[in-house]
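Report on one structure; see the data block that follows.
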Amino acid sequence: MPDPKSPSADRSEDPFTNVLESADSASMVALAGHPLHAMMVHFPIVLGFATLAADLFYWWGGDPFWARAAVWAVGVAFLAGVAAGLVGLAELLLVRGIRLRGSGWAHGVAAVMLISVLGANWGLRLTRPEDVLPMGLGLSALGAVLVGFAGWHGGKLIYHHGVGLVAEEEEPDNSPEAEEDAPVETAEDPAP
């Protein structure tokens, strides 16, 4: 019996693979051809890591500036994460090609966990700022791990499966720069 995971295995008989390959995976929530979820996720990612960095600086130096910076960073990370999560949820519900892939569900679950940790971290800082060390630092570190996990599966969706891309037909480039780079055609035959 051939190994089903080998590259030479014939997958044309697998009905699930046929359904998966035929499912549409183009983004349904886009602005001028640019998927909104992919544009929005950068903010909670960067601000989640910024919160961890501010916590580490606060732990190291004790300057209250870093505690205040972390409150703002995690608050905006949470709000941006909720917005990106809602757009991601719309993509998950509207695009069949995302729902059929395990990476889509793993990405969604990790993102919900991340948003929950960001919210708990922000709430802790607003209600009990004296507990930033060690609980806030721990939540920031957990958030960084979840960013990595959610990002890994989100990257798999885009780079391995082409999910969320808006396919457009390529138009020929008729710009003056393209004409300068084009090979020169001559009517003469080259000399032997």
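The values are calculated or read from the model by the stated rules, or taken from the named source; none is laboratory data. Keep in mind it's a predicted model, so treat the numbers as computed, not measured. No Cβ is skipped: glycine too gets one built from the backbone with ideal geometry, and neighbour counts run over all protein chains shown.
Take segment 92-119 and flag every residue that is in contact with a helix residue (DSSP H, G or I) (Cβ under 6 Å, 6 or more places away or on another chain) and either closer than 13 Å to Val74 by Cα or of a type in the set (Ser, Thr, Tyr) (or both).
Passing the criteria: Ser103, Leu114, Ile115, Val117, Leu118, Gly119.
Taking interchain pairs and intrachain pairs at least six residues apart, which have beta carbon atoms under 7 angstrom, with the first residue in segment 123-139 and farther than 15 Å from Ala69 by Cβ and the second buried (at least 20 other Cβ atoms within 10 Å of the Cβ) and modelled with pLDDT of 95 or more?
These pairs meet every condition: Leu124/Gly136; Leu124/Leu139; Leu139/Val117; Leu139/Asn121.
Which residue, of Pro35, Pro44, is surrounded by 15 or more Cβ atoms within 10 Å (Cβ to Cβ), modelled with pLDDT of 65 or more, in contact with a Ser or Thr (Cβ under 6 Å, 6 or more places away or on another chain) and not small (Gly, Ala, Ser)? Give the derivation first.
Working: Pro44 fails: in contact with a Ser or Thr (Cβ under 6 Å, 6 or more places away or on another chain).
Only one candidate qualifies: Pro35.
Please specify each residue of segment 9-22 satisfying the condition of being assigned to a loop (DSSP other than H, G, I, E, B) and either modelled with pLDDT of 65 or more or among the charged types (D, E, K, R) (or both).
Across segment 9-22, the qualifying residues are Asp10, Arg11, Glu13, Asp14.
Among the residues of segment 138-160, is any touching an Asp or Glu at 6+ places or on another chain (Cβ under 6 Å), modelled with pLDDT of 95 or more and not basic (Lys, Arg)? Steps first, answer last, please.
Filtering segment 138-160 for residues touching an Asp or Glu at 6+ places or on another chain (Cβ under 6 Å) gives 140.
Narrowing the set further to residues that are modelled with pLDDT of 95 or more leaves 140.
Then drop every residue that is not not basic (Lys, Arg), which leaves 140.
Looking for residues that are touching an Asp or Glu at 6+ places or on another chain (Cβ under 6 Å), modelled with pLDDT of 95 or more and not basic (Lys, Arg), one finds at least one in segment 138-160, hence yes.
So which residues in segment 78-120 are farther than 18 Å from Val46 by Cβ, among the aliphatic types (A, V, I, L, M) and buried (at least 20 other Cβ atoms within 10 Å of the Cβ), if there are any at all?
Once the filter is applied, which keeps residues that are farther than 18 Å from Val46 by Cβ, among the aliphatic types (A, V, I, L, M) and buried (at least 20 other Cβ atoms within 10 Å of the Cβ), segment 78-120 yields Val95, Ile98.
Of all residues in segment 47-77 being over 17 Å from Gly148 (Cα atoms) and among the aliphatic types (A, V, I, L, M), which is surrounded by the most Cβ atoms within 10 Å (Cβ to Cβ)?
Filtering segment 47-77 for residues that are over 17 Å from Gly148 (Cα atoms) and among the aliphatic types (A, V, I, L, M), the one surrounded by the most Cβ atoms within 10 Å (Cβ to Cβ) comes out as Ala70.
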